[in-house]
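Reviewing the structure listed below.
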Amino acid sequence: MSRTLVVWCPDWPVTAVGIEATTAGAVVVQGRVAACSAAARAAGVRRRQRVRDAQRRCPDLVVRERDTDAEGRLFETVVDAVAALTPKVEIVRPGMCAIAARGAARFYGGEESLRLMVQDAVVEAGFDCGAGVADGLFAAELAARTEEGGTVVPPGGAAGFLAPYPLSVLGRPELADLLARLGIRTLGAFAALPSGHVAGRFGADGALAQRLARGEEPRPLAPGHAAVDLSVRDEFDPPAAQADQVVFAAKRLAGELHEGLGAGGLTCVRLAVEVGFADGHVLERLWRHDGLLSTLAIAERVRWQLSAWRSERPTPGTDADGIELPGDEQAVWGGVAWLELTPDQLVPDEGRQQALWGQSSVTDRIARAADRVQALLGHRGITRPVLTGGRGPGEQVTKVPVGDLVPGGIPDGPWPGRIPAPAPASVPAASLSAEVTDASGAPVMVSARCTLSAPPARVSFDGRPSVAVTSWTGPWPVDERWWDPARSQRRARFQAVTDDGRAFLLAVEGGRWLVEATYD
Amino acid sequence: MADAAWARATLANATALETLGLETASRLDLVPVLPALRPVVPGLRPGSVVGLAGTGSASLGLALVAGVSQHGGESGTGGWCAVVGMPEFGVAAAVGMGAEPGRLLLVDEPDGRWPDVVAALIEAVDLVLVRPPERPGTAAVRRLSALARKHGRVLTVTGHDWPGTAIRLRVDQAEWIGLGDGHGRLRGRRARIVAEGRGVPGAGRHTWVWLPGPNGEVASYEPAVAGDLRPVERQPDGTRTVLEVVRETPGEDVA
């Protein structure tokens, strides 16, 4: 579980349109209040209220239309203030950003001092904010929203910290409504339900919400990186001078990105947007989101990034060399030469059953049963086997947790020295030890040149009484991965049938005999 | 020599399959098994418990999983199987018998939660193969047997006795073929499978099969043609048939 610091600016849509927290103000979308300032809230204004009702409660309410463009642009100032302390700031949405707290906390002398430092930096930049540190994004956001500008939740304390919160913080009104009617009103009570039953009754989304309520990672990251590069890129020749032109291209690129991700059954929780300017300057931002961003949302983020860049121009109308540029409001400084979208932190797309299960389609029934087993035993508890290449019987099968992607790039070499068919029926994960002796009772040895000291006559497994070997074959030497000392393996294999009618695959490695598999 | 015999056995197997075609159509309500096992168990009754014991129980479990995986499911195009508590389950061998790895679920270490895991899976998959880590308690036996009956699935238990088992399968005679004294390779096992229990018509039905055959498949085997199948260990003068064994590579035998 990663330690995360979240910076949260209260009532950001209101701040973005220039209303101070002390004046009663509200931002409206389609005649309803989308956000309001603290003073307005004190007067009884609430979200989703009709403007007319809000004005009745607070007659001197300042009303502005919501401006998402300004929200994104203005938040760049906050991000820059945080980025001056620690790089790799992830923007969750305008008004909230997150950083990985571990390294930075060590550098700045503890999580509490890091929290205060970040908070001071943002306040100096001119914005009110709360900062919180906790395990994972969800708990850190709530920690940032606590009284007195946030708090630090100690490692492992997320579950206890979250317990008293109402279910509405999960952002799932239908689930919260249903649970409230079942008599469950806090995250703590929800977390205490048996996870198998929650997964069975509320499906994958309910199980995810419960993991959040327990202070656990909402979904584990897929191990390893994607084998293919899914980033998309567009060049502008001549450089694009208008922001609209770039945003339009971003929308098309986002469509391509979705196609690439969809083909692999993936979704990304973080998107890196890189904008390259004609003068060689590159502007990069990470955008974080749970689930896939729509093409429109991606285009919108590119627009925010560009408009922030415009507002950062040292003197409007000239570039760094002092050359005059067109005074057009839409002009992008120096022109955009290229735009690249890179999906970051890929996770399997749990929303699409067809893609999740690879080639075989799956019924809800199987997926639900797998969900229940994973709720009982953890993510790695239930696996699907995938045949891979390899010589030994244990190497030919990889077990992939249900829901994870099947690893790509499976080598399909000819595998000389592979154990011939039929394959053994029983392949223990760890080989058992064995003692192999010749007719005189002396241990059988295999020399470096693969000659036997004497034919094997008796074998005993794990210290049990020995049995006679009726027929045998070998040695079949393998010398694998000699270039990699950690994984190299040099052994000689034997097949043997004992007089009780059983057959074994034996191996000798470094003078020790092992039972690799049983042909039971 | 062995090639010819193997080809003959496969041919006999194929014709047996054709003649069985009519029979399988009338038994669609049974959970299917591999064709070679049908002389001893025509199919598994939905909701029944099958017990496996003794030497060869691992291969029998693989064969049952392969049968359901290949011929099971609602439309007979392939069913789902789950294997619980058997980390050593030989997936490669099951695939050799005809199982589809994409329709297999493995729960390697259920530990104490195995009754809950089996209960969750038996609602969804056609066959659950389980080796309980401990002697199953009365409550677990009653609950899981009832769930299997209710959902019409087959519960296959190995490693422990299970009260109320309808069919017990075991291998009572077996012989591995192909190994000599320092030469050859394992080519297959001829095994006699015996079915017992109240779910079996006529006590002690048995059949001879290759478990597994040289390709890894389960094929029926007729002891009548056994004479020319054992060249390796029956050399009258003790000369070694090294050439013959080394010449053959897996996969070519029936090609």
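The values are calculated or read from the model by the stated rules, or taken from the named source; none is laboratory data. Not measured: the values here are computed from a predicted model. Neighbour counts are summed over all protein chains in view; Cβ atoms, including those assigned to glycine, are modelled from backbone coordinates with ideal geometry. Keep in mind that these areas ignore ligands, DNA and RNA; they rest on the heavy atoms of the full protein, side chains included. Shrake-Rupley method; radii C 1.70, N 1.55, O 1.52, S 1.80 Å.
How high is the relative contact order of chain A? Use alpha-carbon pairs under 8 Å, at least six apart in sequence, and give a whole percent.
RCO, chain A: 10 percent.
Using only the alpha carbons, work out the radius of gyration and Dmax of segment A:432-518 in angstrom.
For segment A:432-518, the Cα-based Rg and Dmax read 12.9, 41 Å.
Where only protein heavy atoms count, and the probe is 1.4 Å, what is the accessible area per residue for segment A:163-213 in Å²?
With all protein chains present, segment A:163-213 gives 49 Å² per residue.
State log₁₀ I(q)/I(0) for segment A:163-213 at q = 0.13, 0.14, 0.25, 0.32 Å⁻¹ as given by the Debye formula over alpha-carbon point scatterers of equal weight, solvent excluded.
The Cα Debye sum returns log10 ratios of -0.23, -0.26, -0.92, -1.55.
List the DSSP H helices in chain A whose Cα atoms stretch 20 Å or more along the helix axis and whose mean Kyte-Doolittle hydropathy is at least -0.5.
Sorted by number, the helices that extend far enough and score high enough are A:68-83, A:243-263, A:295-311.
Based on the Kirkwood radius over alpha-carbon pairs, what is the Stokes-Einstein translational diffusion coefficient of segment A:1-121 at 10 °C with 1.306 mPa s viscosity, in µm²/s?
102 µm²/s
So if R0 is 51 Å, what FRET efficiency would residue A:429 and residue A:148 give, r being the distance between their Cβ atoms, rounded to the nearest 0.05?
Taking R0 as 51 Å, the efficiency between residue A:429 and residue A:148 is 0.45.
Testing the spin-label approximation: label points 7 Å from Cα along Cα→Cβ at residue A:165 and residue A:442. State their distance in nm.
7.3 nm
Counting each DSSP H run of 4 or more residues in chain A as -39500 (n - 2.57), what helix-only mean residue ellipticity at 222 nm follows after dividing by all residues, to the nearest 500 deg cm²/dmol?
Estimated from H runs of four or more residues: -9000 deg cm²/dmol.
Heads up, I need the accessible area for residue B:150: 1.4 angstrom probe, whole protein in place, Å², nearest 10.
In the full protein context, residue B:150 sits at about 150 Å².
Estimate for me the total accessible surface buried between chains B and A (protein heavy atoms, probe 1.4 Å, no ligands or nucleic acids), in Å² to the nearest 100.
3900 Å²
Compute the signed sum of charges (Lys and Arg +1, Asp and Glu -1) over the other residues within less than 14 Å, Cβ to Cβ, of residue A:56.
+2
Cα centroids of segment A:447-489 and segment A:1-31: how far apart, whole angstrom?
Taking the Cα centre of segment A:1-31 as reference, the centre of segment A:447-489 is 70 Å away.
Near residue A:435, within a Cβ-to-Cβ distance under 13 Å, what is the net charge of the other residues, with Lys and Arg +1 and Asp and Glu -1?
+1
Could you give the semi-axes, largest first, of the ellipsoid that matches segment B:76-145, computed as the square roots of 5 times the alpha carbon gyration tensor eigenvalues and rounded to whole Å?
After scaling each eigenvalue by five and taking roots: 23, 14, 9 Å.
If I model a spin label at residue A:279 and residue B:109 as a point 7 Å from the Cα along the Cα→Cβ vector, what separation in nanometres do I get?
Result: 5.9 nm between the two label points.
Based on Cα positions only, what radius of gyration and what Dmax would you give for chain A, in angstroms?
Gyration radius and largest Cα-Cα distance of chain A: 30.9, 105 Å.
Karplus couplings for segment A:382-387 from phi (6.51 cos²θ - 1.76 cosθ + 1.60, θ = phi - 60°), rounded to Hz, Gly and Pro as x?
10, 10, 10, x, 10, 6
Counting only protein heavy atoms and a 1.4 Å probe, tell me what percentage of segment A:163-213's accessible area is made up of carbon and sulfur.
60 percent
Say each of residue A:488 and residue A:388 gets a label point 7 Å from the Cα, pointing the same way as Cα to Cβ; how far apart are those two points in nm?
2.2 nm
Measuring from centroid to centroid over Cα atoms, what is the spacing of segment B:144-161 and segment A:115-174 in Å?
49 Å
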